[in-house]
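Below is one structure, written out as structure tokens; comments come after it.
Just so you know, all these numbers are worked out from the coordinates, no wet-lab data involved. As the structure is a prediction and not an experimental result, all values here were calculated from the model. Cβ atoms come from the backbone with ideal geometry, glycine included; neighbour counts cover every protein chain shown.
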């Protein structure tokens with residue numbers, strides 16, 4: 001059995017591979033590492049949505065890996081986050097962080113997001129080439145989530161580097177080392193905030209741990225790490241993918257240039273067209289199940305491809321066409337069900353403000369490299385550009 005997602009062309013454009021797999025069967029086995037192990041990959045929209053809401057697919061990795069040999073040395077705060085838990089633990093933890101990403105809470109952050117966006121774009125002089133990823137897509141969400149959590153400015157470059165290393169596909173030792181660096185840092189930051197409390201989200205989580213809601217110390221560190229990493233990774237990829245899609249579709253881009261206030265209405269289609277999360281995080285069967293006509297034994301990993309589901313023609317006609325008039329609100333880029341991305345409102349606000357600012361300040365921006373020369377991050381979990389050269 002071969003894994004079609006290992007084709008070198010897959011990172012550049014995974015959608016033909018996904019389409020070929022989906023046409024055969026929306027759920028099928030693929031190799032999972034060495035030793036003849038397999039997992040099942042879901043590529044059809046209906047079955048992806050079904051799998052994301054199926055309680056028989058557990059996300060509690062501590063149960064799955066119990067007793068299994070592993071060469072990995074991920075820090076527990078990274079290996080066992082809220083994402084890797086089931087109710088009732090997941091329900092309790094999610095309740096504590098959801099209030100930080102309500103519409104009202106995000107509205108309060110909008111002036112800061114706008115200020116940071118303008119300051120970053122000030123470094124992109126008209127008529128010069130600019131790496132959109134390094135210059136805006138990476139630093140903007142990092143600075144926003146660090147501001148939300150109360151991470152000191154001097155520590156933010158380290159946080160950004162560790163987060164990038166956590167997604168270094170093919171470099172397990174680097175990933176493991178980054179997980180310890182991030183967790184150790186958050187442990188120290190929590191200790192410092194206990195000595196000198198503030199009003200950040202992290203301070204509020206510390207109060208919850210020390211008050212009636214009783215977060216354990218491990219849960220507190222794990223939540224902090226998760227929010228720090230997940231709070232900007234998705235947005236970074238979303239911004240890069242969205243700008244590339246628009247630059248490759250001049251007619252659609254011109255429409256937005258003429259009406260930058262129309263950006264909020266097209267975010268769902270941009271998310272659908274090239275999902276910033278290619279494959280949902282780890283799930284496994286707690287019993288034998290049948291999904292999409294495929295029988296899956298118990299204790300087997302199931303990977304849900306959000307990117308493939310968003311290009312399913314049975315749900316989105318002409319899925320490979322970027323159509324800014326399309327009603328794409330049902331896309332799965334933020335997931336579905338109880339694990340749907342809690343930070344989605346913040347990601348949308350950051351994308352709206354950043355894209356509008358680029359359209360207004362640099363109406364003549366164009367791609368400064370051919371699409372086949374662009375470098376994509378070497379990971380199947382997220383889909384994002386390593387760089388995006390743009391000429392103002």
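Placing a label point 7 Å from the Cα of residue 325 along the Cα-to-Cβ direction, the residues of segment 235-273 whose backbone N falls under 15 Å of that point are 251-253, 255-256, 266. Ordered by the count of other Cβ atoms within 10 Å of each Cβ, fewest first, 294, 285 give 294, 285.
Please compute the length gained on full extension between residue 20 and residue 254, using 0.36 nm multiplied by the number of residues separating them and subtracting their Cα-Cα distance.
Working: separation 234, 0.36 × 234 = 84.24 nm, distance 3.26 nm.
Stretched fully, the residue 20-residue 254 segment lengthens by 81.0 nm.
Here segment 49-65 and segment 227-258 have alpha carbon centers that stand 30 Å from each other.
Would you mind calculating the gained length between residue 372 and residue 192 on full extension (0.36 nm times residue separation, minus the Cα-Cα distance), in nm to one decimal?
Details: separation 180, 0.36 × 180 = 64.80 nm, distance 4.69 nm.
Stretched fully, the residue 372-residue 192 segment lengthens by 60.1 nm.
One way to sum up the overall shape of segment 4-391 is the equivalent ellipsoid from its Cα gyration tensor, whose semi-axes run 30, 29, 19 Å, largest first. Helical content of the chain, expressed as a calculated mean residue ellipticity at 222 nm, amounts to -15000 deg cm²/dmol (DSSP H runs of 4 or more residues, -39,500 (n - 2.57) each, divided by residue number, nearest 500).
The GNM of the chain, with springs linking C-alpha atoms under 10 angstrom apart, assigns the highest mean-square fluctuation among 129, 89, 12 to 89. Reported to the nearest whole Å, the Cα centre-to-centre distance from segment 109-166 to segment 377-392 is 16.
Label-to-label distance, residue 214 versus residue 360, with points set 7 angstrom from Cα along the beta-carbon direction: 5.0 nm. Between residue 314 and residue 128, the modelled labels are 5.2 nm apart [label points 7 Å from Cα along Cα→Cβ].
Just checking the listed ones, 257, 366, 161: in the Gaussian network model of the chain with Cα springs under 10 Å, the one fluctuating most is 161. At q = 0.12, 0.18 Å⁻¹ the log10 of I(q)/I(0) for segment 212-314 amounts to -0.66, -0.99, computed by Debye summation with a single uniform scatterer per C-alpha, solvent ignored.
Multiplying the residue separation of residue 55 and residue 340 by 0.36 nm and subtracting their alpha-carbon distance yields 101.2 nm.
Ordering 361, 94, 383 by the number of other Cβ atoms within 10 Å of each residue's own Cβ, fewest first, gives 361, 94, 383. Build a GNM of the chain with springs between Cα atoms under 10 Å apart, and of 367, 239, 195 the one that fluctuates most is 195.
The relative contact order of the chain comes to 27 percent, based on Cα pairs under 8 Å that sit 6 or more residues apart.
Here the residues 370, 188, ranked from fewest to most Cβ neighbours within 10 Å of their Cβ, fall in the order 370, 188. Annotation: peptides 47-60, 269-282, ranked by per-residue average of other Cβ atoms within 10 Å with the highest first, follow the order 269-282, 47-60.
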